[in-house]
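Asker: Just dropping this structure here.
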């Protein structure tokens with residue numbers, strides 16, 4: 001077998017495993033953990049479009065997540081509009097917001113951009129916490145919104161079992177990964193990369209760096225909002241501190257950074273390696289050693305930044321390539 | 001009208017303490033060109049140090065400065081030397097390395113949660129506190145005594161740091177590194193030693209802020225986060241790198257927070273602060289007293 005065929009076979013195997021997993025794994029607890037794992041992988045991959053390819057450090061993505069969650073929930077609870085529609089509308093609103101945030105902030109460098117996005121995210125949370133009614137829309141301030149689990153079914157994106165959620169988020173994750181793959185090999189991807197690494201050089205070659213970054217931001221915020229709507233339908237309860245929290249913004253960014261910003265597999269690997277750490281340390285040590293997973297997070301983050309600036313994907317993809325080559329060369 | 005004046009005065013006092021907490025942030029940015037996301041956590045460490053010093057020795061809270069300042073200086077010095085320096089060495093040519101922001105956030109996570117692990121989530125206040133609830137009556141207005149002392153501490157510390165930077169040999173070396181680190185290195189100034197010292201001084205000022213806070217503020221593992229975000233806002237408002245700007249920026253935030261609730265729900269003042277911050281970022285990112293800076 002050639003290397004290329006081996007790679008395809010490997011990919012097919014992975015797909016078979018992830019699609020078949022709910023058939024073997026019947027426990028709702030594990031499925032719940034897996035749904036959240038895919039959700040995080042999806043969020044970090046969406047974040048990566050701006051944070052990785054465009055080379056800036058956005059730390060306010062929870063705001064877009066919150067826009068998605070609130071748009072679909074308010075429309076569904078108050079007007080009975082299908083969450084699928086709310087999802088897309090939330091994405092569009094988030095996208096417009098993302099562009100409005102990006103226009104003034106992409107001129108700034110490094111730290112200022114990070115600070116502006118933090119202020120934007122936190123400002124959004126404060127606003128939602130303080131507003132009970134936005135015109136005719138009831139967003140219920142700090143108490144949050146509950147989605148009554150009636151009219152279960154695909155049309156309302158609401159299910160009794162975890163399996164449908166599992167497959168929906170899995171398909172979303174695969175779609176966003178495919179999109180990332182396409183972008184990374186497109187003109188936009190190369191422009192973004194050039195603009196992120198050497199903005200002056202890219203601009204001097206005629207690349208409109210700011211426009212490329214804005215496009216990346218629009219896509220990233222759109223995709224993040226879709227995940228927000230999905231999360232609202234999955235947990236059936238949202239409130240400002242859960243969907244627009246600073247912690248969520250930071251977690252998205254740092255999982256992606258630990259995995260490896262700017263690469264396709266990096267953010268997914270980060271979620272794959274770190275989510276279980278946080279879930280299981282909370283399950284087993286939550287009472288005795290509170291905050292253990294965040295200590296691990298912080299330490300891994302520091303070590304990765306010092307020793308593996310391209311993230312954990314760097315040694316892992318290298319090992320994967322080596323195994324692939326060894327297999328391709330071995331006589332049979 | 002009197003209550004508005006009273007609120008304004010108390011706002012200025014509390015605001016100057018906010019400014020003191022942000023002083024180290026602006027100093028470290030001025031020299032290293034890095035926003036230290038762990039600054040609030042350093043303040044938290046200082047508060048725990050002061051809290052335990054008071055609780056174990058029974059001394060007057062302000063006396064703990066003798067212990068807290070050197071401890072915090074060394075803590076900051078070695079934090080920069082061991083954790084942050086390697087990044088600078090790896091990204092030597094970058095003017096404003098994003099990676100350092102990420103590392104300092106890692107430090108924040110580790111410090112806050114280690115504290116949670118060791119001391120638990122309890123809110124602690126010092127017992128046998130000679131300053132608790134002490135008020136000064138002044139023309140019909142009540143002014144908090146520990147906040148008044150905090151105001152003096154803030155102004156004195158800012159003045160001391162300013163004089164140190166302007167008048168001493170070491171201060172000149174720090175300013176030279178801040179202006180142009182390559183040129184400073186060529187003049188024989190050891191860049192990383194200066195970074196260590198600047199980080200140490202910045203952390204020590206957080207220690208002073210911590211000591212002024214403990215007589216009237218609770219100590220808990222995530223106390224730093226409150227001051228962290230506030231600190232970012234203050235330093236951008238006052239101008240990143242400006243010592244006087246930090247104190248003034250702090251006072252602005254303090255006045256908004258204490259006068260605002262007279263006119264609106266108290267929770268909205270936070271929104272106003274973020275709005276003002278974003279406005280400054282978009283319109284005048286160099287802040288009130290910021291040095292001109294290449295974006």
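Asker: Between A:206, A:121, A:91, which gets the highest mean-square fluctuation from a Gaussian network model of chain A, Cα cutoff 10 Å?
Answerer: Sorting by GNM fluctuation, first place goes to A:206.
Asker: Quick check on segment B:193-236: take the gyration tensor over C-alpha atoms, sort the square-rooted eigenvalues as a ≥ b ≥ c, and tell me if it's rounded (a/c under 1.5), prolate or oblate.
Answerer: It comes out oblate by the Cα gyration axes.
Asker: Can you pull the one-decimal nm distance between simple spin-label points at residue A:19 and residue B:264, each 7 Å off the Cα toward Cβ?
Answerer: Here the answer is 5.3 nm between the modelled labels.
Asker: On a full-extension model of 0.36 nm per residue, what is the gain between residue B:66 and residue B:167, subtracting their alpha-carbon distance, rounded to one decimal in nm?
Answerer: Values: separation 101, 0.36 × 101 = 36.36 nm, distance 2.39 nm.
Between residue B:66 and residue B:167, full extension yields an extra 34.0 nm.
Asker: Treating each Cα of segment A:13-143 as an identical point scatterer and ignoring solvent, apply the Debye formula and state log10 I(q)/I(0) at q = 0.15, 0.16 Å⁻¹.
Answerer: Those come out to -0.90, -0.98, one per q.
Asker: Let me ask something additional. Please report, largest first and rounded to whole Å, the three semi-axes of the ellipsoid equivalent to segment A:8-81, where each semi-axis is the square root of five times an eigenvalue of the C-alpha gyration tensor. Please report the intermediate quantities before stating the final value.
Answerer: Values: eigenvalues 158, 105, 23 Å².
Each semi-axis is √(5λ); the values are 28, 23, 11 Å.
Asker: Okay, next question. Using only the C-alpha atoms of the protein assembly as shown, find the volume of their convex hull and express it per residue in Å³.
Answerer: 179 Å³
Asker: Still on this structure, I have one more. With everything on Cα atoms, drop me the angle between helix B:2-32 and the longest principal axis of chain B, reported from 0 to 90° to the nearest 10.
Answerer: Value to nearest ten degrees: 20.
Asker: Assuming R0 = 45 Å, can you tell me the calculated FRET efficiency for the pair residue A:205 and residue A:320, based on Cβ-Cβ distance, to the nearest 0.05?
Answerer: So the FRET efficiency works out to roughly 0.85.
Asker: Here is a follow-up. Would you mind telling me which residue in B:283, B:273, B:155 has the biggest mean-square fluctuation in a Gaussian network model of chain B, where springs connect alpha carbons within a distance under 10 angstrom?
Answerer: B:283
Asker: For chain A, what are Rg and Dmax over the alpha carbons, in angstrom?
Answerer: For chain A, the Cα-based Rg and Dmax read 20.4, 71 Å.
Asker: Now a separate question. State log₁₀ I(q)/I(0) for segment A:201-321 at q = 0.11, 0.13 Å⁻¹ as given by the Debye formula over alpha-carbon point scatterers of equal weight, solvent excluded.
Answerer: Here the Debye-derived log intensity ratios amount to -0.51, -0.70.
Asker: Same structure, new question: What's the FRET efficiency of residue B:122 with residue A:197 using the Cβ-Cβ distance as r and R₀ = 35 Å, to the nearest 0.05?
Answerer: Calculated transfer efficiency: 0.15.
Asker: Going by alpha carbons, how many degrees (0 to 90, nearest 10) lie between the helix axis of B:191-213 and the longest principal axis of chain B?
Answerer: Roughly 0 degrees, rounded to the nearest 10.
Asker: Something else now. For chain B, what is the Kirkwood estimate of the hydrodynamic radius, computed as the reciprocal of the mean inverse distance between distinct Cα atoms, to one decimal in Å?
Answerer: Averaging 1/r across every pair of different Cα atoms and inverting gives 19.5 Å.
Asker: Here's another thing I want to ask about it. What Rg and what Dmax come out for segment B:16-56 when only alpha-carbon atoms are used, in angstroms?
Answerer: 12.1, 38
Asker: To continue, here is another question. Which value in nm describes the separation of the simple spin-label points at residue A:99 and residue B:5, placed 7 Å from the Cα toward the beta carbon?
Answerer: It is 5.3 nm.
Asker: Sticking with this one: Can you give the relative contact order of chain A as a percent, counting alpha carbon pairs under 8 Å and 6+ residues apart? Before the final figure, lay out each step's value.
Answerer: Numbers: 490 pairs, mean separation 101.8, N = 332.
Computed over chain A, the figure is 31 percent.
Computed from the coordinates by the stated procedures, all read-outs in this text should not be read as laboratory data. Keep in mind the model is a prediction, meaning the values are calculated, not measured. As a convention, Cβ positions derive from the backbone with ideal geometry for all residues, glycine included, and neighbour counts pool all protein chains shown.
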